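What follows is a set of notes on a single structure, which appears directly below.
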Amino acid sequence: QLRDQFTERLESMATDNCARWVLSVVRRDLGFDDSHVVTMPELCWWLIRNDLADALPESAARKALRLPKPVVPSVTRESDLVPSVPATSIIQDKAKKVLALKVDPESPESFMLRPKRRRWVNEKYTRWVKTQPCACCGKPADDPHHLIGHGQG
């Protein structure tokens, strides 16, 4: 019914639907229910968390950083112009990754002269051992002296 039509009303409906969908995704990702009203800090956090900080408009970035609204006088002289850093670049600078970690596949133990011995644990084998009778006393081998070899029990 609305296919192949383009009007301002249709455009506003599409924009409204897109905004509602984005807000529902934000609520879902942040663990809120549908009745929650998403605040500006929550929206900024979600954008930064999903590497979408560059999608934040300048006005929203200024509001999130609590910067004053830019005053644009009707008449300005060139000498009155003062360069300033855009709020979106401030947010992107704050949101960039601080440290990129790289995991070394080799453990430091492998480079030691005499590495510390590690205890071998195998649940399947331990369960099997517990089902066997003790070779020494003939009792079921499920008490500690049979498993760790301290002769207690």
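Nothing in this text is a laboratory measurement; each read-out follows from the coordinates by a stated rule. Here the structure is a predicted model, which means the values were calculated and not measured.
When only alpha carbons of the range 29-94 are considered, Rg and Dmax amount to 15.6, 52 Å. Taking 29 Å as the straight-line reach from the Cα of residue 96, the lysines in range (excluding those fewer than 8 positions away in the same chain) are 63, 69. In terms of overall dimensions, the chain has a Cα radius of gyration and Dmax of 32.3, 102 angstrom.
Couplings 3J(HN,Hα) of the range 80-90, computed from phi: 7, 6, 10, x, 9, 7, x, 5, 5, 6, 5 Hz, in residue order, whole Hz [Karplus 6.51 cos²θ - 1.76 cosθ + 1.60, θ = phi - 60°; x for Gly and Pro]. Taking a straight line from the alpha carbon of residue 102, these lysines sit under 23 Å away, with near neighbours fewer than eight places off in the same chain left out: 94.
Just to confirm my numbers, what's the Cα centroid distance between the range 75-90 and the range 6-35 in Å? What the calculation gives is 34 Å, centre to centre.
Phi angles of the range 12-21 translate, via the Karplus equation with coefficients 6.51, -1.76, 1.60 and θ = phi - 60°, into HN-Hα couplings of 5, 5, 5, 5, 5, 4, 5, 5, 5, 5 Hz per residue; Gly and Pro are given as x.
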